[in-house]
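Bear in mind that the values in this text are calculations on the coordinates, not laboratory data. No experiment lies behind these values; they were computed from the predicted model shown. So basically every Cβ, Gly included, is an ideal-geometry build from the backbone, and we count neighbours across all protein chains shown.
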Amino acid sequence: MTNELGNNAPIGTVVVGYGYWGPNIVRNVIERPEFELVALCERDQSRIAEFEKRTPGAASIDSFEKALADPDVEAVAIATPPHTHYMLVRQALEAGKQVLVEKPLARTAGEAAELVALSEEVGKVLMPGHTFLYSPPVNKVKELIDEEVLGEIYFATSSRMNLGLYQRDGVVLDLAPHDLSILLYWLGEPLVEVTANGRSVFQDGVHETAFLTLRFASGAQANVQVSWLAPRKMRQMVIVGSRRMIQYEDTASDDAVRIYDRGLDFAEPPANFGEYRLSYRTGDMVAPQIAAAEPLGLELKDFASAIRQGTTPVSSPRLGLEVVFALEALERSLHAHGEPVKVRSADDVRSRDRLPLTVA
Ligand SMILES: NC(=O)c1ccc[n+]([C@@H]2O[C@H](COP(=O)([O-])OP(=O)(O)OC[C@H]3O[C@@H](n4cnc5c(N)ncnc54)[C@H](O)[C@@H]3O)[C@@H](O)[C@H]2O)c1
């Protein structure tokens, strides 16, 4: 692999933020041959102390501006809270850096659209970190959908709950990007309308629990429950198709994906309602063998390939944009007590004048 400098030197990288998720990125940047950790950038001294304890000899820096001024820094990987993403990504792109930013790409659709346009203008990679798109079970399901093993997708359900860390951005922004990115990736079609209801028990406007419905262009629907208030960690999705059904349980070790040959068929075309003949298919369940791999490592490999070879990452800017559009529509519905809200398409926005846009 050759980079834009004409050599295959590792990509000098600064990881920004060392809270809950940053340490995982730091570890993978150190482990992956395509990268070299130049420094950690963190403004909280206690987090820097933790980093130094865990990574003796590695450099740290408390100013993002200084990190951007360093010519050894070719890329930044941003793992700070969502409301900080827009400014940090913008500064990094303007300084000519390649950017990996944790999900969601930005806090609003207008900000996300502006960042994607800026990355195209400056010719630098902007990759949102939708880590689940690199999960082997998620890719197994994608393969089964693409090979039409499931047939027509009727609907999906998802439960993503745990006793989670309370954050000011609310549970929809924290957890729903996972479901949205996975479903958009699996179905490969736009989301057209959403509704959201939720409960905020402790602080007005900060929902800990939300119930979302998503309607896709083909008519496929999804129901997603996200919560930080649950007795145990649950990461379960079910997809129901005309030929097969799948249960994907991220917390299961050896049977994360189960394929059920179950369903309901019409035995013959009915002449009238009284003649409907339904037959139940209750065939076998198969749990395919899936090789284990750390999704974040594969995500970083994809980021390196985008930088070195100009490939479009699986976690693409377009997908990142679609996730933010959906989030904005969901939040709007949530604050309007479940009113249906249309989701703008990425094509609509990108074919316009590329100015910051807000979803109507
Ligand atoms: N892909 C995943 O599976 C996954 C999992 C968890 C979190 N995340 C994402 O990672 C991001 C960070 O989440 P978290 O839970 O680690 O947050 P966190 O609050 O635990 O940590 C954020 C850290 O960033 C630091 N920080 C904030 N602004 C900074 C700045 N301008 N310069 C330097 N440091 C700064 C803070 O001091 C803090 O230590 C979020 O976008 C979140 O959605 C992704």
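Taking the DSSP beta bridges in the chain as the whole, what percent of them are antiparallel, to the nearest 5?
60 percent
Quick check: residue separation of GLU148 and SER345 times 0.36 nm, minus the Cα distance between them. What number comes out in nm?
Working: separation 197, 0.36 × 197 = 70.92 nm, distance 2.53 nm.
The span from GLU148 to SER345 would gain 68.4 nm if fully extended.
List THR312, THR13 from most exposed to least, where exposure is judged by having the fewest other Cβ atoms within 10 Å.
Result, fewest neighbours first: THR312, THR13.
Through the Karplus equation 6.51 cos²θ - 1.76 cosθ + 1.60, θ set to phi - 60°, convert the phi angles of segment 209-215 into ³J(HN,Hα) values in whole Hz; use x for Gly and Pro.
9, 8, 10, 10, 10, 10, 10
Choose one answer from PRO33, PRO56, PRO81: the residue with the largest mean-square fluctuation in a GNM of the chain with alpha-carbon springs under 10 Å.
PRO56
Run the quick spin-label model on GLN309 and GLU120: label points 7 Å from Cα toward the beta carbon, then report their separation in nm to one decimal.
Roughly 2.4 nm, to one decimal.
Enter the Cα centre distance for the pair segment 173-252 and segment 93-141, rounded to the nearest angstrom.
Cα centres, segment 173-252 to segment 93-141: 21 Å.
Can you give the local net charge around ALA67? Use residues other than it whose beta-carbon is closer than 12 angstrom to its beta-carbon, Lys and Arg +1, Asp and Glu -1.
With Lys, Arg at +1 and Asp, Glu at -1, the net is -3.
Can you figure out the FRET efficiency of GLU65 with ARG318, using R₀ = 25 Å and their beta-carbon distance, to the nearest 0.05?
Here the calculated transfer efficiency is 0.25.
Report, by chain and number, residues whose modeled amide H sits under 5 Å from the one on ILE290, excluding near sequence neighbours (fewer than 5 apart, same chain).
It is none; the list stays empty.
With a point put 7 Å past each Cα toward its Cβ, work out how far ASN223 is from THR84 in nm, to one decimal.
So the label points at ASN223 and THR84 sit 3.8 nm apart.
As an exercise, use a Förster radius of 22 Å and the Cβ-Cβ distance of ALA58 and ALA293 to find the FRET efficiency, rounded to the nearest 0.05.
The value I calculate is 0.30.
Are there GluC sites (Glu not before Pro) in segment 1-101 that DSSP puts in a loop and that have at most 12 other Cβ atoms within 10 Å, and which ones?
Counting only loop positions with at most 12 other Cβ atoms within 10 Å, the GluC sites (Glu not before Pro) in segment 1-101 are GLU4.
Between ASP254 and ALA49, what is the spin-label point distance in nm, taking each point 7 Å from the Cα along the Cα→C-beta axis?
For ASP254 paired with ALA49, the spin-label model returns 4.5 nm.
Amide H of GLU193: which non-local residues (sequence gap of 5 or more, or other chain) have their own amide H closer than 5 Å, using H built in the peptide plane?
ARG215, VAL343
Would you mind checking the tilt of helix 317-335 against the longest principal axis of the Cα atoms of the chain, expressed as 0 to 90 degrees and rounded to 10?
70 degrees
Would you grab the residues whose amide H sits under 5 Å from the one on ARG281? Only those 5+ places off in sequence or on another chain, please, with H modelled 1.01 Å from N.
Distant-sequence amide H within range of ARG281: GLY263, LEU264, ASP265.
For the chain, what does -39500 (n - 2.57) per DSSP helix run (n ≥ 4), summed and divided by total residues, give at 222 nm, in deg cm²/dmol to the nearest 500?
Helices in the chain give a 222 nm mean residue ellipticity of -10500 deg cm²/dmol.
Go through ILE11, SER46, TYR280 and say which Cα lies farthest out towards the positive end of the charge dipole of the chain; charges sit on Cβ, +1 for Lys and Arg, -1 for Asp and Glu.
Ranked along the dipole, the leading option is TYR280.
Ranking request for peptides 322-335, 182-195, 201-214: highest mean number of other beta-carbon atoms within 10 Å first, then the rest in descending order.
322-335, 182-195, 201-214
Using the crude model of +1 on Lys and Arg Cβ and -1 on Asp and Glu Cβ, and no other charge, please compute the dipole size for the chain relative to its Cα centre, in debye to 20. Don't skip to the end; give the middle numbers.
Working: 36 positive and 50 negative charges, 103 e Å.
Value, rounded to 20: 500 debye.
If you line up the long axis of helix 109-122 against the longest principal axis of the chain, both from Cα atoms, how many degrees apart are they, to the nearest 10?
Tilt relative to the chain: about 50 degrees.
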